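Asker: The structure under discussion is supplied below as structure tokens; questions concerning it will follow.
The values are calculated or read from the model by the stated rules, or taken from the named source; none is laboratory data. Since the structure is predicted, the reported quantities are computational estimates derived from the model, not experimental observations. Counting neighbours? That spans all protein chains shown, and the Cβs are built from the backbone with ideal geometry, glycine included.
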Amino acid sequence: MRVGIVNDLALAREVLRRVVTSVPGYSVAWQAEDGDDAVAKTAADRPDVILMDLIMPRMDGVEATRRIMAETPCPILIVTVSVSANFPLVFKALGAGGLDAVDTPTLGPSGTVQNGEKLVARLMKLEAALDDVSGSSVILSQKVGQSPGDLPPLVLLGASTGGPEALTHVVSAFPTDFPAAVLVSQHIGADFAQGLVQQLSTWSRLPVRAVKDGDMPMAGMVHVAVSNDHLELSPDRLLRYTPNPRSYPYRPSVDVLFTSAAAHGSRLGVGVLLTGMGTDGANGLLRLRSAGWHTIAQDEETSVVFGMPKAAIEKRAASEVLPLHKIGETVVAKIHTMKKRGAG
């Protein structure tokens, strides 16, 4: 895998180079000193992935990510000195198309690289996801579910690249008296997921909670997956984390959540597949539509990456295709219509 490195500090670039080249089969395609340089080098030589710093002269990492995703789309991993300290900028970069975020490795007193294992793990996860894009998608089995009982209406939101910003647009449209439980599966590392919960809380009129294993979906609440395992609706209608399928590179998987809800949830629900790289969620959205749910895919024009919605559209899994600014209000209208009709 060829990796582009973007950082204004020579020492940081050297540390990242050492981490990348320590993995067999990985090489450095080029190095850039700022965002403007990165945009130009990506256009001239598109690598397999870019390690993007945030705070740089001339053009910062947020704008560089936005420009690259618009002009020469390429997987981008945000690498900054402290994800937690720079969270507002990290969130903007993820909304612009960054896939994930990780702290920059450092050099210890003896000159050895420290904390490089998280970066390597992210790169390997991304490599597996890229292989899946070019290969066949995983087909998940659908189990026979039990009666939905008192399960509230469900709204399922699945997203990947560009998802954090897209999710804020959708969630902000839900009113305080929204009668549905909202379940969110966003491809993101567990150590960053709590930050996503906090950011969504600033935009949402509904309470936003990190899912704990065994939680019950609650009407008027946004439940966010915060594990490297997959979130699913279990046969007993509780929210559970599962490591299976273990080989699936997208974590937490949108397909796992959608497929489990199609099997064990009520027909009173809406499934939404937002911007993202790859095909995750397409099979699950088709399962939802086949089970009687209303299904929505984000349109190409407003998607940072059209991969996931496009895959769903090609499978005829979407009841309708909508621009981002229309999705939230449409979900609200559909849920209220379903409630009035007493569907489920």
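Asker: Can Gly265 be described as in contact with a Leu (Cβ under 9 Å, 6 or more places away or on another chain), on the phi > 0 side of the Ramachandran plot and not assigned by TED's automatic domain parsing to the domain that holds Leu77?
Answerer: No, not satisfied.
Asker: Just the residues that are within 22 Å of Ala180 (Cα to Cα), part of a helix (DSSP H, G or I) and either within 19 Å of the chain's Cα centre (by Cα) or charged (D, E, K, R) (or both), please, taken from the stretch 287-323.
Answerer: Listed by number, the residues that qualify are Arg287, Arg289.
Asker: Within the stretch 233-270, how many residues turn out to be over 15 Å from the mean Cα position of the chain (by Cα) and either crowded, with 24+ Cβ neighbours inside 10 Å or not charged (D, E, K, R) (or both)?
Answerer: Qualifying residue count, the stretch 233-270: 22.
Asker: If the requirement is being within 19 Å of the chain's Cα centre (by Cα), under 20 Å from Leu126 (Cβ atoms) and of a type in the set (Lys, Arg), which of these qualifies: Arg66, Arg17, Arg2, Arg46? Walk me through it before giving the result.
Answerer: Numbers: Arg17 fails: within 19 Å of the chain's Cα centre (by Cα); Arg2 fails: within 19 Å of the chain's Cα centre (by Cα); Arg46 fails: within 19 Å of the chain's Cα centre (by Cα).
Among Arg66, Arg17, Arg2, Arg46, only Arg66 is within 19 Å of the chain's Cα centre (by Cα), under 20 Å from Leu126 (Cβ atoms) and of a type in the set (Lys, Arg).
Asker: What number of residues within the stretch 10-54 are of a type in the set (A, V, I, L, M) and exposed (fewer than 15 other Cβ atoms within 10 Å of the Cβ)?
Answerer: 5
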